[in-house]
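The values are calculated or read from the model by the stated rules, or taken from the named source; none is laboratory data. Note that this is a predicted model, so its numbers are computed, not measured. Neighbour counts run over all protein chains shown; Cβ positions are idealised from the backbone, glycine included.
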Amino acid sequence: MKKILILSGKGGTGKTTVAAAFIRFSHAQALADCDVDAPNLHIITELDVEPQTSEFMGSQRAKIDYDKCAGCGFCSYTCKFEAIKHEKGRYVVDQNACEGCGVCTQVCQEGAITLHDDVAGELSLYSGDRIFSTAELKMGRGNSGKLVAEVKNAMVNAAPDADIAIIDGSPGIGCSVISSVSGVDLVLIVTEPSVSGLSDLERIMKTAEIFQAKAAVCVNRYDVSEEHTAEIEEYCTEHNIPFVGKIPYDSQTSQAINEGISVADVDCPAHTALEEVYKNTMNLL
Amino acid sequence: MRIAVLSGKGGTGKTLVSVNLAAVSEGSTYIDCDVEEPNGRLFFKPEKVTEKKVNVDFPVFKASMCKGCRKCVNFCRFNALVFIKDAPVVFPEVCHSCGGCSFVCPFGAVSEKKRQVGVVEQSNEDGVRVISGILNPGEASGMPVLKEALKNVSRTGLTVIDCPPGSACSVTESAGRADYCLLVAEPTAFGFHNFKMVHRLVTMLEKPCGVVINKADTSYDVMKEYCEENEIPVLMEIPYDEKIASMTADGKIVSREDEKYADMFRELLEKIGGEA
């Protein structure tokens with residue numbers, strides 16, 4: 001299975017739009033959305049089956065037994081994550097701040113603190129004519145890197161014979177992105193022609209380099225600034241990064257999204273450009 | 001007043017709104033909490049920057065004192081320690097710096113060392129205190145950098161907190177410090193889905209909120225209906241504007257380039273209840 005991951009660094013450059021188009025062009029049998037705290041690919045992926053859902057267990061969480069708690073506050077004092085706070089006369093665990101390290105269970109002289117499993121999200125697996133794996137992280141929870149790994153594993157396990165897998169990634173360069181990069185054959189970075197787009201491209205390229213991922217770059221809405229597009233192309237040439245094309249601003253793109261279809265289903269300039277990007281990308285595999 | 005600007009979906013215009021709100025308010029503080037992709041600094045272009053390193057702890061093991069009991073390895077819930085050739089070995093990138101290994105070691109063989117994971121930059125630029133949390137590429141968790149940046153929330157005057165996208169722990173941490181949450185949404189099916197997620201988050205945090213609809217050139221009534229149903233005030237609509245797009249692409253602060261935009265953001269700030 002050849003896995004193509006779509007990333008961007010900066011958010012909102014058009015990752016999901018590109019991913020959806022690639023899905024149409026490639027007829028990929030395995031799809032995944034790794035943007036677990038803002039998933040969107042399901043909106044424009046035709047799904048005629050109900051998903052099989054499962055709970056995602058994140059790190060465990062500390063729980064205080066108030067029958068045993070003597071209120072000494074030593075747990076709060078030793079917690080490096082400031083997750084145990086004094087509120088209304090007693091110590092309370094902040095479920096979002098707790099990382100489940102277990103130090104509090106060790107320091108408590110009364111044995112009042114134990115760790116408990118915590119449902120930190122939900123995985124959904126659609127198995128129709130193709131496999132689509134996605135998930136939603138519970139609000140405010142951490143562990144997105146772990147959830148991303150589970151989303152990818154679920155896809156691979158359900159579609160072991162698929163030739164091509166298209167994976168939509170998340171913005172940024174942190175744990176979700178690092179986790180999504182592992183084991184993919186190519187990372188396609190979708191950027192935009194702006195000072196922010198270029199700065200974020202440099203940061204995501206550094207990240208890709210650290211984790212030894214092969215990457216290619218395309219520019220979306222390139223005509224918003226031909227000058228910045230030229231800068232991005234120059235950056236890619238200088239750093240020997242394959243530049244696989246540029247896509248024009250096209251109002252039909254957002255229109256297509258709002259109708260729940262891919263721009264690949266519409267005859268428009270963005271469609272033509274995306275086909276070129278797709279061809280150039282596949283040649284790199 | 002402390003305003004957190006958040007969006008769920010990336011690229012809806014959080015930084016555009018945050019930077020301009022800070023720019024129209026004399027003596028304000030702008031804090032960039034999108035530590036993975038901090039872009040506010042590209043607009044303010046600060047010159048005299050002071051840097052504060054952000055370090056995290058990781059354990060080091062004194063071989064002469066370690067008896068190989070494995071208590072530390074068994075305790076670590078993050079799989080940051082492995083036992084190789086009779087001694088614990090640490091993977092610093094995986095370590096959460098909880099201090100547990102040092103706590104459970106009966107022989108006092110564990111001490112802590114620091115390693116840098118990012119910086120917090122600080123500068124004053126045209127009356128705005130600009131704070132940027134910047135995570136080093138390759139680091140998984142931005143939380144230590146984000147927490148350090150948030151220490152600069154000002155007690156007086158306006159603080160604008162430019163939040164990361166999404167709805168994970170980093171967003172809760174950033175928005176948790178605010179008196180008011182400003183949601184920047186895009187009227188598309190993608191924007192709407194993530195907007196609802198982040199609205200649920202703000203509701204959970206029990207923060208008052210309002211919405212700015214950006215790139216309001218496509219009509220997407222479902223979003224406005226949702227706002228009406230949930231009593232979320234739509235404070236401003238920014239139509240897709242080539243001038244804003246091109247100035248933003250060049251890293252210019254639109255309210256400093258054109259008085260028309262300055263008025264727009266002053267009005268927004270007044271609606272929220274901050275002072276321009």
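Tell me, which helices (runs of 4 or more DSSP H) wholly within the range B:220-276 include 2 or more residues that are at pLDDT below 95 and closer than 19 Å to A:Ser225 by Cα? Outline the logic, then answer.
On the way: elements: B:221-229, B:242-249, B:254-257, B:259-272.
Passing ranges, in order: B:242-249.
Can you spot a residue in the range B:179-193 that is at the interface with chain A (Cβ under 8 Å from one of its Cβ atoms), polar (S, T, N, Q) and within 16 Å of the chain's Cα centre (by Cα)?
no
Taking B:Thr50 as the residue in question, decide whether it is more than 14 Å from chain A (Cβ to nearest Cβ), hydroxyl-bearing (Ser, Thr, Tyr), under 27 Å from B:Val202 (Cβ atoms) and surrounded by fewer than 24 Cβ atoms within 10 Å (Cβ to Cβ).
No; evaluated as a whole, the condition is false for this residue.
Residue check: is A:Ala135 at pLDDT below 95 and farther than 18 Å from B:Gly100 by Cα?
Against the criterion (at pLDDT below 95 and farther than 18 Å from B:Gly100 by Cα), A:Ala135 does not qualify.
Just one of A:Asp265, A:Asp200 is at the interface with chain B (Cβ under 10 Å from one of its Cβ atoms) and closer than 27 Å to A:Lys2 by Cβ; which is it?
Going through A:Asp265, A:Asp200 in turn, the sole match is A:Asp200.
Can you tell me which residues in the range A:1-55 are acidic (Asp, Glu) and surrounded by 24 or more Cβ atoms within 10 Å (Cβ to Cβ)?
A:Asp33, A:Asp35, A:Asp37
If B:Val171 passes every condition in (1) aliphatic (A, V, I, L, M); (2) within 24 Å of B:Ser97 (Cα to Cα); (3) more than 9 Å from every other protein chain (Cβ to nearest Cβ) but one, which one does it miss?
That leaves (3) as the condition not met.
Which is more than 14 Å from chain B (Cβ to nearest Cβ) and assigned to a loop (DSSP other than H, G, I, E, B), of A:Ala70, A:Ala97, A:Ala38?
On the way: A:Ala97 fails: more than 14 Å from chain B (Cβ to nearest Cβ); A:Ala38 fails: more than 14 Å from chain B (Cβ to nearest Cβ).
When all the criteria are applied, what remains is A:Ala70.
Could you tell me whether B:Val130 is touching a helix residue (DSSP H, G or I) at 6+ places or on another chain (Cβ under 7 Å) and either away from every other protein chain (no Cβ under 14 Å) or without any contact (Cβ under 8 Å) to a residue 60 or more places away in the chain (or both)?
yes
Considering only residues that are more than 24 Å from the chain's Cα centre (by Cα), of a type in the set (A, V, I, L, M) and within 24 Å of B:Thr218 (Cβ to Cβ), which ones fall in the range A:204-260?
A:Val224
Show the residue pairs that are 6+ apart or on different chains and have beta-carbon atoms under 8 Å apart, the first residue being within the range B:138-151 and closer than 21 Å to A:Ser182 by Cβ, the second being basic (Lys, Arg).
As it stands, the answer is B:Gly138/A:Lys206, since those pairs meet every condition given.
Kindly check whether there is at least one residue in the range A:220-242 that is surrounded by 24 or more Cβ atoms within 10 Å (Cβ to Cβ) and under 30 Å from B:Cys169 (Cβ atoms).
yes
Between a residue in the range A:260-282 that is in a loop (DSSP other than H, G, I, E, B) and any residue that is of a type in the set (D, E, K, R), which pairs come within a Cβ distance under 8 Å, given they are 6 or more apart or on different chains?
A:Ser262/A:Arg24; A:Cys268/A:Asp250
Please verify whether the range A:111-122 includes one or more residues that are hydroxyl-bearing (Ser, Thr, Tyr), touching a residue at least 24 places away in the same chain (Cβ under 8 Å) and surrounded by 20 or more Cβ atoms within 10 Å (Cβ to Cβ).
no
Is it the case that some residue within the range A:57-64 is within 13 Å of chain B (Cβ to nearest Cβ) and among the charged types (D, E, K, R)? Steps first, answer last, please.
Within the range A:57-64, the subset within 13 Å of chain B (Cβ to nearest Cβ) is A:57-62.
This time we only want the ones that are among the charged types (D, E, K, R), so: A:61.
Yes; the residues of the range A:57-64 include at least one that is within 13 Å of chain B (Cβ to nearest Cβ) and among the charged types (D, E, K, R).
Considering only the range A:158-197, state which residues are under 14 Å from the mean Cα position of the chain (by Cα), over 21 Å from A:Thr45 (Cβ atoms), more than 7 Å from chain B (Cβ to nearest Cβ) and small (Gly, Ala, Ser).
A:Ser179, A:Ser182
Which of the following residues is farther than 17 Å from A:Asp129 by Cβ, in contact with a helix residue (DSSP H, G or I) (Cβ under 6 Å, 6 or more places away or on another chain) and not hydroxyl-bearing (Ser, Thr, Tyr): A:Lys10, A:Lys3?
A:Lys10
Using beta carbons and a limit of 6 Å, which pairs, at least six apart or on different chains, have the first residue in the range A:245-259 and away from chain B (no Cβ under 12 Å) and more than 16 Å from A:Thr45 (Cβ to Cβ) and the second one aliphatic (A, V, I, L, M) and assigned to a strand (DSSP E or B)?
A:Lys246/A:Val219
Conditions first: (1) more than 25 Å from B:Lys252 (Cβ to Cβ); (2) touching a strand residue (DSSP E or B) at 6+ places or on another chain (Cβ under 9 Å). A:Ile210 passes all but one, so which condition is the exception?
Of everything listed in (1) more than 25 Å from B:Lys252 (Cβ to Cβ); (2) touching a strand residue (DSSP E or B) at 6+ places or on another chain (Cβ under 9 Å), A:Ile210 misses just condition (2).
Which condition from (1) touching a Cys at 6+ places or on another chain (Cβ under 7 Å); (2) hydrophobic (A, V, I, L, M, F, W, C); (3) surrounded by fewer than 19 Cβ atoms within 10 Å (Cβ to Cβ) is the one that B:Val211 breaks?
If we test B:Val211 against (1) touching a Cys at 6+ places or on another chain (Cβ under 7 Å); (2) hydrophobic (A, V, I, L, M, F, W, C); (3) surrounded by fewer than 19 Cβ atoms within 10 Å (Cβ to Cβ), just (3) comes out false.
Please state which of the following conditions B:Glu225 fails to meet, knowing it meets all the rest: (1) out of contact with any Leu (no Cβ under 8 Å at 6 or more places or on another chain); (2) touching a residue at least 12 places away in the same chain (Cβ under 8 Å); (3) surrounded by fewer than 19 Cβ atoms within 10 Å (Cβ to Cβ).
Among (1) out of contact with any Leu (no Cβ under 8 Å at 6 or more places or on another chain); (2) touching a residue at least 12 places away in the same chain (Cβ under 8 Å); (3) surrounded by fewer than 19 Cβ atoms within 10 Å (Cβ to Cβ), B:Glu225 violates only (2).
Checking A:Thr16 against (1) touching a Leu at 6+ places or on another chain (Cβ under 7 Å); (2) more than 23 Å from A:Val184 (Cβ to Cβ); (3) not hydrophobic (A, V, I, L, M, F, W, C), only one condition comes out false. Which one?
All conditions are met except number (2).
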